[in-house]
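We did not get these values from a lab; they are worked out from the coordinates using the rules stated. As the structure is a prediction and not an experimental result, all values here were calculated from the model. Cβ coordinates were reconstructed from backbone atoms using ideal geometry, including for glycine residues, and neighbour counts include every protein chain displayed.
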Amino acid sequence: MTPVQMTIIVAVTTCMGWCISRVTLWFLFSVPKKKHRVFFKPKTLLPILQERFAGDAAKAVSAHILPASFIEQQVSDPLLLEKLKPEIEKHVDHFLHEKLSTVFPLLYKFMGEKTLLQFKTAFLTEIDILFPVIMKKYAHELLNEASLEKILAEKITELSLQDIRKQLYRYAAPQIFAFQLTCAGIGFAAGLLILLLLKVTG
């Protein structure tokens, strides 16, 4: 066997290894286009994974990361009320000093600053009591009407496969290149093995 023939065999097996890596990546991450479909509908792994991952991820998030009890606890957290208090006080002041005179003009005439301050204090005290209860009830009703699990699954399914593919190639580029080199290396080794077998049997 001439050196040229030996070189061709090794080159062909190396290219085959590289091509196998490219075909594998295509089946893993390719996004089929309908207009390119001729005899069959190519079913690559990425769309299947997105479909299945959407349901599993939504269940995991709903059950462990963002369960209904956690969301209810967060929205009824007293610290949230503390952050909202300045805005609430602002609206209460506006109601007592501006709207009350329009809604109850006669009552407003007999109310001094001390009385208005008492009303304000009473309103804010009542809000302190009602806020956690109302927010918890609101979160409970909202989660019952709009299933968090269903919403998450729909959002994940709606993600662009092209964007997912780009991100995968972006973050896993070194690993993908290493995989291609490994396949090419296996092809190269296979070529050398073929030459060795030919030499032994020849």
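Relative to the Cα centre, what is the charge dipole magnitude of segment 96-202, using +1 at the beta carbon of each Lys and Arg, -1 at the beta carbon of each Asp and Glu, and rounding to the nearest 20 debye?
Its charge dipole is roughly 340 debye.
Test of understanding: ordering VAL10, VAL4, VAL23 by Cβ neighbours within 10 Å, fewest first, what list do you get?
VAL4, VAL23, VAL10
Only sites in a loop by DSSP and with at most 10 other Cβ atoms within 10 Å count here; which chymotrypsin sites (Phe, Trp or Tyr not before Pro) in segment 97-130 make the cut?
Hits after loop and neighbour filter: PHE110.
What is the distance, in nm, between label points placed 7 Å from the Cα along the Cα-to-Cβ direction at THR157 and at LEU181?
Reported label-point gap for THR157 and LEU181 is 4.1 nm.
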